[in-house]
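S.K.: Encoded as structure tokens, here's the structure I'll be asking about.
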Amino acid sequence: MGLVDALRTKLREERATFIRSRMEPMKHLSETDRAQVEKLMDEMLEKVLLEPAQRLRGEKELRRKIQNVEALRDLFLLNREKP
């Protein structure tokens, strides 16, 4: 799994947990409303991921690209499976 895919997966898992905890007291929202909130959050997460992913893909210098990837892994704790 690539870095962006791993980050997307982590953010979606975090989003699901966040939504469950925050929407529990909002019983007045219909299932349609809840689905719309989830969809909006997914769209926002994609937007947040898109620009950095494009910049990373556009990086010409390999050393800098590797440093950026490793920094993202460290920041978002995506390197747990690595030694």
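S.K.: What is the Cα convex hull volume of the chain when expressed per residue in Å³?
M.R.: Spread over its residues, the Cα hull of the chain gives 98 Å³ apiece.
S.K.: Follow-up. For GLU70 and MET41, what is the calculated FRET efficiency with R₀ set at 25 Å and r taken between the beta-carbons, to the nearest 0.05?
M.R.: 0.35
S.K.: A further question on this structure: Which whole-number value in Å² is the accessible area per residue of the chain, probe 1.4 Å?
M.R.: Here the per-residue accessible area is 80 Å².
S.K.: Moving on. Quick one: among LEU29, LEU45, LEU72, which has the greatest mean-square fluctuation in a GNM of the chain with alpha-carbon springs under 10 angstrom?
M.R.: LEU29
S.K.: Moving to a separate point now. Tally up the carbon and sulfur contribution to the accessible surface of the chain as a whole percent, 1.4 Å probe, everything protein left in place.
M.R.: The C+S portion of the solvent-accessible surface of the chain is 57 percent.
S.K.: Moving to a separate point now. Angle between the Cα long axis of helix 62-75 and the longest principal axis of the chain, 0 to 90 degrees, nearest 10?
M.R.: In the chain, helix 62-75 runs at an angle near 40 degrees to the longest axis.
S.K.: Here's something else I'd like to know. Along the stretch 19-32, what does the Karplus equation 6.51 cos²θ - 1.76 cosθ + 1.60 (θ = phi - 60°) give for ³J(HN,Hα), rounded to whole Hz, x for Gly and Pro?
M.R.: Once rounded to whole Hz, the list reads 4, 4, 6, 7, 8, 4, x, 9, 5, 6, 7, 6, 4, 4.
The values are calculated or read from the model by the stated rules, or taken from the named source; none is laboratory data. This one's a predicted model, so the numbers in the text were calculated from it and none came from an experiment. Here Cβ is always computed from backbone atoms with ideal geometry, including for glycine, and neighbour counts include all displayed protein chains. Just the protein is used for accessible areas: all its heavy atoms, side chains included, with ligands, DNA and RNA removed. Shrake-Rupley method; radii C 1.70, N 1.55, O 1.52, S 1.80 Å.
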